[in-house]
Amino acid sequence: MGRLVYDNVFESIVDDKDEAADLSFRAALISALVDLIRDRGWKQADAAEALGIPQPRVSELMRGKVHLFSADRLIGYLARLGVRFKPSFEHHRIVCDVEMTEAA
């Protein structure tokens, strides 16, 4: 029996590489959100207030429920916390700078 090797763990659970890439991106966004919430020492109620969402929705974020959040929704949550993404094309590759502003 051969050994399966994947570049993206989500490729092992979905057949579509585009869907796997989207899941991986959303997982990374959720991880960043969770880390930011924890870094600020917020309880879920604090995060809910800052994000403008109900506390149970924050709980879903904190538990990594990737399938419940779209990438645009997650980017919006990060924007509410002062995170801005600035993708660009430089030297034959795509680069994404991330800026933190004084928000929330």
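Readers should treat all values here as calculations from the given coordinates under stated rules, not as data from a laboratory. Being a predicted model, the structure only gives us computed values, none of them experimental. Neighbour counts are summed over all protein chains in view; Cβ atoms, including those assigned to glycine, are modelled from backbone coordinates with ideal geometry.
SER31 versus GLU49, label points 7 Å from Cα toward the beta carbon: distance in nm? In this crude label model, SER31 to GLU49 measures out at 3.0 nm. If the label point is 7 Å along Cα→Cβ of PHE85, which residues in the range 32-67 have backbone nitrogen under 19 Å from it? So the set is 32-37, 51, 61-62, 64-67.
For the range 9-100, the square roots of the Cα gyration tensor eigenvalues, ordered a ≥ b ≥ c, give a/c of at least 1.5 with a/b no greater than b/c, which places it in the oblate category.
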